[in-house]
Amino acid sequence: MKTAGDLRQFLNSVDGKGYPAYKGSKGEYAFSDYVLSIDHVQGDPFAAPSKISLHIDGKKAGFPVAFYDQEYKKTALCDALLRKFGEKLNPCSFKAKGSGKSGLLSISHPGQEVLDRTACRIDSKNGNVIFRLEVGFPANGRSIRSGELIRILFEFIPSCAAGVSFYSSYPSQEKQRMSEVIELAEDQNSLRSQLIEKGLAAFVANGAILPRQSGVSEKPMKHAVPFQSPESMEVEIVLPNRGVIKGMGIKTGITLIVGGGYHGKSTLLEALERGVYNHVGGDGREFVVTDDSAVKLRAEDGRSVKQVNISPFINNLPDRRDTVRFSTEDASGSTSQAAGVMEAMESGTRVLLVDEDTSATNFMVRDRLMQMVVSRSHEPIIPFIERVRSLYEKKGISTILVAGSSGAYFHAADHVIQMDSYVPKEITAFAKEKANDYGEEILSLDLPEITFHRVPTSLGIKREEKRTKTKVLGKDSLKIDHEVVDLRYVEQIVDAEQIAALGFLLPYAEEHLIDQKRTLVQVVDALEEMLHTKGIDFPGEKGYIPVNLALPRRQEIFAAFNRCRSLSF
């Protein structure tokens, strides 16, 4: 391995030369406190930044084993280290001058959710720590400014690393904060593990802050009404560090959330859909926890559907199309939502989250008058309301539904919550009484026996070059070579880095797992097993480990496959 002195000497030797000379810096260099690895060098100062990584020996890093002896703790520790590193690194960005991206310094910027990321890793066996970041190697035009890169690699980055990477250097207050991060992770993990044993689909702690600052900020709203559970739904949970906490327990079954406009119905549902992830301290939703297999459903007009059995909800189409193996390149609202239910079942969900506002009305319910005018024999849609009870009783899949205009689901609901100025009230008995007085009966149909045996033959990824080209288009979509996978309505993707990870997982599956024998479930099972055993790093096992990937859930991996238009079975 080369030394830091060797790197400095090389950089001085290429000063003023053409930008390609930077390529000679690639490799590993021993600094006093860590190994600096230059993993990828950009082609010019206007290209995507270079990738470097810092490798800190576990004995030098010195973080207590109790901080990373479980996967959820390790994720929380890495998340905290990333945030701390970013705080120190951000002021240094572009202090080194030059053209294009010269001087850029960037590391992953976590949001409110705590996710497993490639930007910071810690080895549970020895405590070794890795940070991965992006650096814009400086140049004037395309002439190397190595003095500016020396400032970055020998001043800015060592200073940032020194303040983050070595536990022994932390003042007592910082050590206490790090302990609190781990304790929060322990409590969140404990709460999540208690949901099933207590028969809960979700839990919302008293005092939680659910509203967000704005449509573009996920930070908690100032002066928001703290959540307070209705007494009838309040449950106690004992956590290892905080002890007893109280909050609203949403039992498994069918739960209806109602109320006037702007009273907090959708805000509660949005908190529940994000509750599949742990949240950082201070978010306000630290103890809003939902069954981690929950799937948010909605209509997705125009999406691609491939060989999905939507016959439990749609059959006898006028054009005699097969709904047992239904395919379309341009789904309607009702067919897309029917496909969404079946795909969620295939992914193994235990909870469906539905908002009436983003659903296809004819998929959700047909009232008595409509059935009198358009007879059942002329209607191919079996509405969700007629299957929701059987989904729970036969498949164990609960539904949490926001309704603002139709009272039809009062008949089917096990629990009814009214949001009144962001305050929840349990009104199940009252709603049932009014529903009985109204008198409209709701038909409940059993689900037919359903098996999932879709065997993918190809994702259709065209390899024009040795390496598949992927591009993340925000949190909306993913481009793989020439195909765009539209993910804008997969609302539980919370970070563009999760989409970046999908951009590696799908091509990996195409190359290694899709063999015309494995079912889609088995393909995703294999991906999950590799993510569990090798970590989110594994798509880069050929030598290049991407800087900014975040772990998607099983449900989002399924969603990406199902929205790949070139997927074939």
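Assorted remarks:
- Dipole of the chain [Lys/Arg +1, Asp/Glu -1 at C-beta], most positive-end residue of 43, 345, 141: 141
- Nearby lysines by direct alpha-carbon distance to residue 95 (threshold 19 angstrom, same-chain neighbours under 8 apart not counted): 51
- Residues with amide H under 5 Å from that of residue 547, placed H, sequence gap 5 or more: none
- Listed values for segment 297-311 are Karplus-derived 3J(HN,Hα) couplings in whole Hz (6.51 cos²θ - 1.76 cosθ + 1.60, θ = phi - 60°), namely 9, 6, 6, 9, 3, x, 6, 7, 10, 10, 6, 9, 7, 9, 4, and x replaces Gly and Pro.
- Relative contact order of the chain, pairs being alpha-carbon contacts under 8 Å that are 6 or more residues apart, as %: 12 percent
- Residues 532, 263, arranged from fewest to most other Cβ atoms within 10 angstrom of their Cβ, appear as 532, 263.
- Taking every DSSP helix (H) stretch of at least 4 residues in the chain, weighting each as -39,500 (n - 2.57) and dividing the sum by the residue count yields a mean residue ellipticity at 222 nm of -9000 deg cm²/dmol.
- Two numbers describe the Cα atoms of the chain: Rg and Dmax, which are 26.3, 88 Å.
- C-alpha long axis of helix 4-13 to longest principal axis of the chain, angle in °: 80 degrees
- Fraction of beta bridges assigned by DSSP in the chain that are antiparallel (%, nearest 5): 75 percent
- Segment 32-59 and segment 64-84 have their alpha-carbon centroids 22 Å apart.
- 3J(HN,Hα) along segment 408-415: 4, 6, 4, 5, 8, 5, 8, 9 Hz, from the Karplus curve 6.51 cos²θ - 1.76 cosθ + 1.60 with θ = phi - 60°, whole Hz, x for Gly and Pro.
- For segment 470-562: rounded, prolate or oblate by the Cα gyration tensor [a/c cutoff 1.5]: rounded
- About the centre of its Cα atoms, segment 2-170 shows a dipole size close to 340 debye [charges on the beta carbon of Lys, Arg (+1) and Asp, Glu (-1) only; nearest 20 debye].
- Residue 234-residue 177 FRET efficiency (beta carbon distance; Förster radius 25 Å; 0.05 resolution): 0.20
- Between the residues 364, 564, 130, the greatest Cα displacement towards the positive end of the dipole of the chain, with unit charges on the Cβ of Lys, Arg, Asp and Glu, is found for 130.
- Residues 437, 319, 292, 355, ranked from the fewest to the most other C-beta atoms within 10 Å, line up as 319, 437, 292, 355.
- For the chain, 92, 160, 564 have no disulfide-compatible partner, since no other Cys C-beta lies under 4.7 Å from theirs.
- Proxy reagent accessibility, fewest Cβ within 10 Å first, across 178, 248: 178, 248
- Under the Karplus curve 6.51 cos²θ - 1.76 cosθ + 1.60, θ = phi - 60°, whole-Hz ³J(HN,Hα) for segment 50-57, x wherever Gly or Pro sits: 5, 10, 10, 9, 10, 10, 10, 4
- Taking amide H as placed 1.01 Å from N in the peptide plane, residue 208 has its amide H under 5 Å from the amide H of 227, each at least 5 places away in sequence or on another chain.
- Taking the longest Cα principal axis of the chain as reference, the axis of helix 520-534 is set at about 40 degrees.
- Under a 5 Å amide H cut-off, with hydrogens placed 1.01 Å from N, residue 239 pairs with 244, 245 among residues at least 5 apart or on other chains.
- Partner lysines for residue 395 [C-alpha distance under 19 Å; skip if fewer than 8 residues away on the same chain]: 198, 251, 296
- Listed peptides 75-85, 478-488 by packing density, highest first (mean Cβ within 10 Å): 75-85, 478-488
- Distance between the C-alpha centres of segment 113-166 and segment 482-531: 29 Å, rounded to the whole angstrom.
- Student exercise, segment 1-91 dipole from Lys, Arg, Asp, Glu Cβ charges, in Debye to nearest 20: 60 debye
Coordinate-derived values only; no laboratory data. Predicted model only: the values in this text are computed from it and were never measured. Glycine gets a Cβ as well: all are built from the backbone with ideal geometry, and neighbour counts include every protein chain shown.
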